[in-house]
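**Student:** Sending over a structure as structure tokens; questions will come in a sec.
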Amino acid sequence: MFRFDLLTTDGRARAGFFQTPHGEVPTPVFMPVGTQATVKAVSPRDLHNLGATVILANTYHLYLRPGDERIARLGGLHTFMGWDGPILTDSGGYQVFSLAQRRKIDADGVTFRSHIDGSEHRFTPEKAIAIQENLGADIIVCFDECATPSDYDYNVEALARTHAWAARCKAAHTRGDQTLFGIVQGGVFSDLRESSARFLTGLGFDGYAIGGLSVGETKEQMHGVLEILDGALPADRPRYLMGVGTPQDLVECVARGVDMFDCVLPTRLARNGGALTRTGRLNLRNARFADDPGPLEPGCTCYTCTHFSRAYLRHLTRANEILGHHLLTLHNLHLMLTMAREIRGVILEGRFQEYRANGEWRMANDEWRMTSGEWQPASC
Ligand SMILES: [Zn+2]
């Protein structure tokens with residue numbers, strides 16, 4: 001039911017296909033995040049129209065509300081949320097360490113209080129797998145501990161737990177229609193990252209997630225870790241960089257061997273009146289857009305850019321209208337999904353290095369030019 005075919009490489013950049021029970025995922029791929037079993041402000045129909053091939057849902061949130069057992073009784077996540085494509089659930093580890101209150105970690109698992117009502121809960125590796133089996137996503141991941149990226153001693157301790165938990169997750173996993181990914185941790189430390197990749201590869205997983213990045217370290221540190229992992233992870237398995245990123249991250253992390261990405265940025269930014277463009281971010285609250293009849297991003301073919309002006313989007317944003325959240329989310333997701341497809345295309349054509357070096361991803365839109373050191377619409 002699961003198969004990863006690496007079609008071609010260009011430098012470290014990889015283009016492939018990942019086969020799942022709910023469809024094929026061409027890689028590199030950007031996965032929109034549906035934390036609460038909904039990608040905020042858009043419908044599954046919109047997601048299909050945007051060309052999304054796989055989306056994310058969140059174990060911690062769905063366990064707390066409405067409950068994984070309830071979702072299982074209602075036919076599983078695909079039926080519950082009306083999305084028939086592939087789904088990936090995270091393990092809940094990141095949220096337990098970032099959101100939950102009064103957490104206590106021991107060798108066996110983590111006890112924590114819900115951020116919603118303060119009730120007490122406990123996640124163990126076996127519990128995280130049982131919840132994900134109830135939810136029924138195509139791709140599930142091991143329960144891990146997310147340590148502060150620059151604290152070496154803590155990373156050593158946390159990594160020992162993450163590795164022991166990975167072995168227990170693998171043993172606990174029973175569903176043949178779900179594939180389990182291991183999660184590489186180890187902060188910004190090359191020796192820890194390398195030993196984590198070796199340990200998990202030794203256990204043997206269908207894919208490898210890279211956790212604990214984009215949490216406060218520098219881009220150089222993140223890139224350094226990815227370069228080490230490119231050599232340490234098996235070439236014939238997909239690699240998923242958790243929680244990254246921006247259009248630029250997509251290019252720079254594909255260049256370092258990553259296949260799969262997810263990030264709340266496009267959807268979260270949209271709900272705050274922000275647009276991602278190939279040349280940077282726009283804040284629609286800015287007064288300079290009040291009388292701007294032009295599209296959000298000149299040349300963009302999304303529904304928002306082909307039908308509405310910046311002035312109208314600014315008005316919706318300032319009035320806090322739901323349509324504003326919807327239209328900005330459509331544009332931001334369109335950009336990330338289009339860029340991932342475009343990057344795959346240039347890898348298959350053997351032009352990725354050129355595309356990256358020339359900043360072609362910025363110029364795919366003809367109406368932007370480099371003018372006095374800044375990317376600007378050609379009309380400026
Ligand atoms: Zn657009």
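The values are calculated or read from the model by the stated rules, or taken from the named source; none is laboratory data. If you're wondering where the values come from, they're calculated on a predicted model, not measured in any experiment. Note that each Cβ is placed from the backbone with ideal geometry, even for glycine, and that neighbours are counted across all protein chains shown. For the accessible areas, the whole protein counts, side chains as well, though only heavy atoms, and no ligand, DNA or RNA atoms are used. Shrake-Rupley method; radii C 1.70, N 1.55, O 1.52, S 1.80 Å.
**Student:** Taking residue 197, is it part of a helix (DSSP H, G or I), under 19 Å from residue 260 (Cα atoms) and in contact (Cβ under 8 Å) with a residue 24 or more places away in the chain?
**Tutor:** Answer is yes for this residue.
**Student:** A further question follows. Would you please name the residue that is farthest from residue 25 (Cα to Cα), looking only at residues in region 247-279 that are assigned to a loop (DSSP other than H, G, I, E, B) and under 10 Å from the mean Cα position of the chain (by Cα)? Can you show your working first?
**Tutor:** First, pick out the residues of region 247-279 that are assigned to a loop (DSSP other than H, G, I, E, B): 255-259, 263-264, 272-273, 278-279.
Those still in the list that are under 10 Å from the mean Cα position of the chain (by Cα) too: 263-264.
On the way: 263: 17, 264: 20 Å.
Filtering region 247-279 for residues that are assigned to a loop (DSSP other than H, G, I, E, B) and under 10 Å from the mean Cα position of the chain (by Cα), the one farthest from residue 25 (Cα to Cα) comes out as 264.
**Student:** In addition: Can you pull out the residues in region 258-272 that are away from the ligand (no atom under 15 Å from the Cβ) and either crowded, with 21+ Cβ neighbours inside 10 Å or aromatic (Phe, Trp, Tyr) (or both)?
**Tutor:** Step one: list which residues in region 258-272 are away from the ligand (no atom under 15 Å from the Cβ), which gives 258-265, 268, 271-272.
Selection gives 258, 259, 260, 261, 262, 263, 265.
**Student:** Now a separate question. So is residue 175 assigned to a loop (DSSP other than H, G, I, E, B), open to solvent by 10 Å² or more (accessible area, probe 1.4 Å) and among the basic types (Lys, Arg) or not? Spell out the reasoning first.
**Tutor:** Details: assigned to a loop (DSSP other than H, G, I, E, B): yes; open to solvent by 10 Å² or more (accessible area, probe 1.4 Å): yes; among the basic types (Lys, Arg): yes.
Against the criterion (assigned to a loop (DSSP other than H, G, I, E, B), open to solvent by 10 Å² or more (accessible area, probe 1.4 Å) and among the basic types (Lys, Arg)), residue 175 qualifies.
**Student:** Show the residue pairs that are 6+ apart or on different chains and have beta-carbon atoms under 6 Å apart, the first residue being within region 46-73 and under 16 Å from residue 89 (Cβ atoms), the second being outside any loop (DSSP other than H, G, I, E, B) and among the aromatic types (Phe, Trp, Tyr).
**Tutor:** Qualifying pairs under 6 Å: 71/80.
**Student:** Looking only at region 63-101, how many residues end up being among the hydroxyl-bearing types (Ser, Thr, Tyr) and loosely packed, with under 14 Cβ neighbours inside 10 Å? So that I can check it myself, show each step before the final result.
**Tutor:** Restricting attention to region 63-101, the residues satisfying the condition of being among the hydroxyl-bearing types (Ser, Thr, Tyr) are 63, 79, 89, 91, 94, 98.
If we keep only those that are loosely packed, with under 14 Cβ neighbours inside 10 Å too, we end up with 79, 98.
Qualifying residue count, region 63-101: 2.
**Student:** So, one more: Residues being open to solvent by less than 30 Å² (accessible area, probe 1.4 Å) and of a type in the set (A, V, I, L, M): count how many of those fall in region 227-240.
**Tutor:** 3
**Student:** So how many residues does region 282-313 have that are crowded, with 21+ Cβ neighbours inside 10 Å and either away from the ligand (no atom under 15 Å from the Cβ) or of a type in the set (Asp, Glu) (or both)?
**Tutor:** Looking only at that region, the number is 1.
**Student:** Go through 204, 224, 211, 243 for me and flag whichever is within 20 Å of residue 156 (Cα to Cα) and open to solvent by 10 Å² or more (accessible area, probe 1.4 Å). Don't jump to the end; show me each part of the working.
**Tutor:** Working: 204 fails: within 20 Å of residue 156 (Cα to Cα); 211 fails: open to solvent by 10 Å² or more (accessible area, probe 1.4 Å); 243 fails: within 20 Å of residue 156 (Cα to Cα).
None of the others qualify; the one that does is 224.
**Student:** Run down 169, 146 and say which single residue is within 24 Å of residue 104 (Cα to Cα), under 22 Å from the mean Cα position of the chain (by Cα) and open to solvent by 10 Å² or more (accessible area, probe 1.4 Å). So that I can check it myself, show each step before the final result.
**Tutor:** On the way: 169 fails: open to solvent by 10 Å² or more (accessible area, probe 1.4 Å).
Going through 169, 146 in turn, just one is within 24 Å of residue 104 (Cα to Cα), under 22 Å from the mean Cα position of the chain (by Cα) and open to solvent by 10 Å² or more (accessible area, probe 1.4 Å): 146.
**Student:** Is region 328-335 home to any residue that is more than 16 Å from the ligand (Cβ to nearest atom), assigned to a helix (DSSP H, G or I) and not basic (Lys, Arg)? Give the steps one after another, and end with the answer.
**Tutor:** The initial filter retains those residues of region 328-335 that are more than 16 Å from the ligand (Cβ to nearest atom), namely none.
Scanning region 328-335 turns up no residue that is more than 16 Å from the ligand (Cβ to nearest atom), assigned to a helix (DSSP H, G or I) and not basic (Lys, Arg).
**Student:** Out of all the residues in region 1-18, which are more than 18 Å from the chain's Cα centre (by Cα) and not β-branched (Val, Ile, Thr)?
**Tutor:** Start the filter on region 1-18 by keeping residues that are more than 18 Å from the chain's Cα centre (by Cα), which leaves 1-12.
If the condition is that a residue be more than 18 Å from the chain's Cα centre (by Cα) and not β-branched (Val, Ile, Thr), then 1, 2, 3, 4, 5, 6, 7, 10, 11, 12 are the ones that fit.
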